[in-house]
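In what follows, a structure is listed as structure tokens, so that the remarks can point back to it.
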Amino acid sequence: MTPRDIDRRNPARIAKALSSAGALYDHYFRCETEGVDHVPEHGPAILFGNHCGSTYTIEGPLLTVAIVRRYGLEHPLYYMAHRAFFDIPVLGDLLLEVGAVNADRETAVRVLGDGCQLMAFPGGDRDSHKPFAERHIVNFHGHTGFLRLSISQRVPLVPFVHVGTHEGLFVLSRGEGLAKLLNLKQRVGLNVCPITLSFPFGLSVGPYFAAIPLPTKVRMRVLPPVRLWELGYDDPNDPAQCRAALEFLTSELQRELDDLAAQRKRILLG
């Protein structure tokens with residue numbers, strides 16, 4: 001199994017997975033998605049957004065349901081995933097068949113070069129394991145690889161934000177100190193060893209744990225495509241320019257996330 005093998009994507013497997021994801025979208029998470037038409041119907045693009053839910057990140061599958069309902073199963077969408085997931089027996093093969101690939105530049109360039117689209121979460125494991133109190137904060141932790149890729153390949157960025165996705169369980173701490181102590185970065189590529197409270201097994205320590213996400217209501221919003229090179233951010237090798245572009249994108253997403261969060265009255269019922 002090679003997590004860079006983009007040819008393993010199987011529309012039949014995706015259809016089977018989405019039959020279950022669609023039921024979760026409609027009935028369990030009662031998801032509402034605005035602006036799905038901003039995702040280009042054709043051509044390469046990089047979809048990116050805030051990352052939530054610890055190991056149980058539901059935003060990718062939920063947004064995929066909305067996209068497939070709009071454009072069909074043949075819409076060429078791939079997902080950048082942390083390599084640690086591909087080491088899990090059975091799950092690794094399943095991920096490849098539904099379009100997940102290793103989060104590295106070489107694979108991304110190939111996907112985009114084939115005219116396909118990528119869904120990425122630039123904040124990585126630090127973002128998905130943020131403490132519950134920070135659930136409505138956009139923080140990409142200085143990662144600029146996605147925007148440098150967009151500029152160099154001249155493909156649009158499609159931002160999206162979501163609320164409710166970090167309320168299916170409760171992250172108490174990222175456990176970054178514990179991750180360093182256990183040398184997880186070198187062993188499995190993780191910066192975190194989270195401490196979480198989830199149903200039905202309660203307190204857990206570590207990146208792999210059994211949980212059933214609570215039926216929190218989810219709202220998602222897709223924003224219009226951004227072409228950074230048209231906004232003056234046209235040099236992917238200029239660190240200052242890339243930092244400025246990251247600040248610009250972060251502020252744009254934070255404003256939209258604040259708006260969604262302000263409309264949220266309760267956690268489970270949303």
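Each value in this text was obtained by applying a stated rule to the coordinates, not by laboratory testing. Please read all numbers here as calculations on a predicted model, not as lab measurements. Counting neighbours? That spans all protein chains shown, and the Cβs are built from the backbone with ideal geometry, glycine included.
Compute the signed sum of charges (Lys and Arg +1, Asp and Glu -1) over the other residues within less than 11 Å, Cβ to Cβ, of His38. Working shown, then result.
Details: positive: Arg70, Arg221; negative: Glu34, Asp37, Glu41.
Every neighbour counted, the sum reads -1.
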Computed FRET value (nearest 0.05) for Ala244 with Arg154, which takes r as the C-beta separation and R₀ as 25 Å: 0.85
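Is the shape of segment 136-201 rounded, prolate or oblate, going by the alpha carbon gyration tensor and its root eigenvalues a ≥ b ≥ c, with a/c under 1.5 for rounded and a/b larger than b/c for prolate?
On the way: a/c = 3.12, a/b = 1.42, b/c = 2.20.
It comes out oblate by the Cα gyration axes.
Please state the shape class of segment 155-249: rounded when a/c is under 1.5, otherwise prolate if a/b exceeds b/c and oblate if not, all from the C-alpha gyration tensor. Can you show the working numbers first?
Values: a/c = 3.73, a/b = 1.55, b/c = 2.40.
Because a/c hits 1.5 or more and a/b fails to exceed b/c, segment 155-249 counts as oblate.
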Correct option for Cα extents along the principal axes in Å [calculated from the coordinates] among [x] 48, 43, 40; [y] 53, 41, 36; [z] 69, 38, 27: [x]
Tensor-based shape of segment 4-60 (alpha-carbon gyration tensor, a/c under 1.5 rounded, otherwise prolate or oblate): rounded
Bridge type composition, the chain - antiparallel percent by DSSP, nearest 5: 40
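Ranked highest first by average number of other Cβ atoms within 10 Å, how do 241-250, 255-264, 94-103 line up? If you can, show how the numbers build up before the last one.
Working: 241-250: 18.1, 255-264: 14.8, 94-103: 21.3.
Most protected by this proxy first, the peptides run 94-103, 241-250, 255-264.
Which helices pass in the chain if a helix is a full DSSP H run, must span at least 20 angstrom along its long axis by Cα, and must have mean Kyte-Doolittle hydropathy not below -1.0? Display every interim value, and only then the final one.
On the way: long enough: 239-262 (34 Å, -0.14).
Sorted by number, the helices that extend far enough and score high enough are 239-262.
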Sequence-separation-based contact order of the chain, relative, with Cα cut under 8 Å and 6+ spacing, percent: 25
Candidates Ala45, Ala23, Ala120: whichever shows maximal mean-square fluctuation once the chain is modelled as a Gaussian network with Cα springs under 10 Å: Ala23
